[in-house]
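K.L.:
Below you will find the structure I want to go over with you.
The values are calculated or read from the model by the stated rules, or taken from the named source; none is laboratory data. Keep in mind that what you see is a predicted model, and the values were worked out from it rather than measured. Cβ placement follows ideal geometry from the backbone for every residue including glycine, while neighbour counts extend to all protein chains displayed. All accessible areas refer to the heavy atoms of the entire protein, side chains included, with ligands and DNA or RNA removed. Shrake-Rupley method; radii C 1.70, N 1.55, O 1.52, S 1.80 Å.
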Amino acid sequence: MAATEQEDHPAGYVRNTWYPAGWSRDVTDRPVQRQILGEMVALYRGEAGGVFALEDSCPHRLTPLSMGRVRGSALECGYHGLTFNGTGQCVRIPGQPHIPGNARVRSYPVAEKMGLIWIWMGDPALANPADIYDLPQFSDPEWSSAEGDALHIACNYLNLADNLCDPAHVSFVHLSTLGTPAGEDIPVQTEARGDDHLVTWRWIIDSPAIPLFQKFGNFTGHVDRWHYYHYHAPSIAVIDFGSAATGTGAPEGKRDDCIQIYACHFITPVDEDNCIDHWLHVKNFKADDDTNRRLSDQFRIAFNEDKEILEAIHRNEKEPRKQRPLRIAIDAAPIRMRRMVGRMIEAEQAPVSIASIG
Ligand SMILES: [Fe+2]
């Protein structure tokens, strides 16, 4: 058998975790359809403000419920008016008083945090909103943040996760924004911190500021800059990057006078061939709307460069391959990332032994 993309990706998805389902700003009392882990979900905001997620298919004629209307905290099918409450139970069938026991759809736990709707696609009994990823600086008044886009990328979400465990590509892909050739030969380091957190980093000492920081910083000379890529399996990546004037002690931890940005990527696996990157940035300086917009424009340029490459790779991966992919030193983190996800999937799918119950 020719080697294919599927050999590289762990089969299936981690289900017992919180995934981003969309920006809070986009979920209103007009229902929307989202595909997550291959499943169609109707997302809507009830009239009291709470968000709900239901299986997007009426059990009567399979009409997508996202084509219907919000009624209080319930969703009314747009075809014959069957109405489902936030738990998925049918509460009304027009023209008949009897509601059969199987008149229900699946509902999914949801919660809002960091401007996003988060959804739990696994066992609802295990869903705890306190487990949703949190970046403390997001709510720190000394820092400021700006929401970006929901960038659709036609690739498997783990290939985007690859890209977000990979400081090395920045020196080649993002030369107009996030990188310079000065980093090309600097080795990358990586370490696991627990079962679901992988950190990959490198420092580039005494080199020119990257174009982004030439625009938004006041650096007159060389800088020491860092990239720490924090991957939280299976689909969150937060990149801590910044710069300080060379000689001010940043590598030793003195970062009093620096620019620091957390570029957050919250990935929705849509299906095996598509994902959505919800990105936002959090930075250690205040900014007006215009500065935030210009900063977002720079990130938008960079992330579209990633999109172009990842989609081209995905197309190539669909072709039969005659040999195993070449692996080089910088692949240590992506390989560990996939193993991490694979272990999480295996742990969820492992049969529960009688001994562990008793
Ligand atoms: Fe990139």
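K.L.:
Which of the numbered conditions does D271 fail, given that it passes all the others? Conditions: (1) among the charged types (D, E, K, R); (2) more than 16 Å from the ligand (Cβ to nearest atom); (3) open to solvent by less than 80 Å² (accessible area, probe 1.4 Å); (4) at pLDDT below 95.
P.N.:
For D271, the failing item is (4).
K.L.:
Go through the residues of segment 171-193 one by one and say whether even a single one is over 24 Å from A347 (Cα atoms) and assigned to a strand (DSSP E or B). Before the answer, list the steps.
P.N.:
As a first pass, look at segment 171-193 and keep what is over 24 Å from A347 (Cα atoms): 171-189.
Next, from what is left, pick out any that are assigned to a strand (DSSP E or B): 189.
Checked against the condition, which is being over 24 Å from A347 (Cα atoms) and assigned to a strand (DSSP E or B), segment 171-193 yields at least one hit.
K.L.:
With D277, D257, D331, D271 as the choices, which residue is touching a strand residue (DSSP E or B) at 6+ places or on another chain (Cβ under 8 Å) and more than 30 Å from K215 (Cβ to Cβ)?
P.N.:
Selected residue: D271, the only one of D277, D257, D331, D271 that is touching a strand residue (DSSP E or B) at 6+ places or on another chain (Cβ under 8 Å) and more than 30 Å from K215 (Cβ to Cβ).
K.L.:
Here's another thing I want to ask about it. When you go through P167, P136 one by one, which is the residue that is within 16 Å of the ligand (Cβ to nearest atom) and either of a type outside the set (S, T, N, Q) or at pLDDT below 95 (or both)? Can you show your working first?
P.N.:
On the way: P136 fails: within 16 Å of the ligand (Cβ to nearest atom).
Selected residue: P167, the only one of P167, P136 that is within 16 Å of the ligand (Cβ to nearest atom) and either of a type outside the set (S, T, N, Q) or at pLDDT below 95 (or both).
K.L.:
May I pose another question? Can you tell me which of (1) under 27 Å from L160 (Cα atoms); (2) surrounded by 15 or more Cβ atoms within 10 Å (Cβ to Cβ); (3) in contact (Cβ under 8 Å) with a residue 40 or more places away in the chain is the one G38 doesn't meet?
P.N.:
With (1) under 27 Å from L160 (Cα atoms); (2) surrounded by 15 or more Cβ atoms within 10 Å (Cβ to Cβ); (3) in contact (Cβ under 8 Å) with a residue 40 or more places away in the chain applied to G38, the lone miss is (2).
Per-residue answers, yes or no, for (1) polar (S, T, N, Q); (2) more than 16 Å from the ligand (Cβ to nearest atom); (3) assigned to a helix (DSSP H, G or I); (4) open to solvent by less than 70 Å² (accessible area, probe 1.4 Å):
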{"residue": "G247", "(1), (2), (3), (4)": "no, yes, no, no"}
{"residue": "D256", "(1), (2), (3), (4)": "no, yes, no, no"}
{"residue": "C264", "(1), (2), (3), (4)": "no, no, no, yes"}
{"residue": "H278", "(1), (2), (3), (4)": "no, no, no, yes"}
{"residue": "R294", "(1), (2), (3), (4)": "no, yes, yes, no"}
{"residue": "F303", "(1), (2), (3), (4)": "no, no, yes, yes"}
{"residue": "K307", "(1), (2), (3), (4)": "no, no, yes, yes"}
{"residue": "Q323", "(1), (2), (3), (4)": "yes, yes, no, no"}
{"residue": "I335", "(1), (2), (3), (4)": "no, yes, yes, yes"}
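K.L.:
Restricting to segment 163-177, count the residues that are open to solvent by 10 Å² or more (accessible area, probe 1.4 Å) and hydroxyl-bearing (S, T, Y).
P.N.:
Filtering segment 163-177 down to residues open to solvent by 10 Å² or more (accessible area, probe 1.4 Å) leaves 163, 166, 168-169, 172-173, 175-176.
If we keep only those that are hydroxyl-bearing (S, T, Y) as well, we get 176.
Final tally of qualifying residues: 1.
K.L.:
How many of the residues in segment 192-215 are at pLDDT below 90 and open to solvent by 40 Å² or more (accessible area, probe 1.4 Å)?
P.N.:
Going through segment 192-215 one residue at a time, the tally reaches 2.
K.L.:
Between a residue in segment 315-342 that is without any contact (Cβ under 8 Å) to a residue 24 or more places away in the chain and any residue that is open to solvent by 90 Å² or more (accessible area, probe 1.4 Å), which pairs come within a Cβ distance under 8 Å, given they are 6 or more apart or on different chains?
P.N.:
Short answer, once both residue conditions are applied: I335/R327.
K.L.:
Further, regarding this structure: Pairs please, first residue from segment 83-99 and closer than 19 Å to G49 by Cβ and in contact (Cβ under 8 Å) with a residue 24 or more places away in the chain, second anywhere and surrounded by 16 or more Cβ atoms within 10 Å (Cβ to Cβ) and among the polar types (S, T, N, Q), Cβ atoms under 9 Å, 6+ apart in sequence or on different chains.
P.N.:
F84/S107; G86/S73; G86/S107
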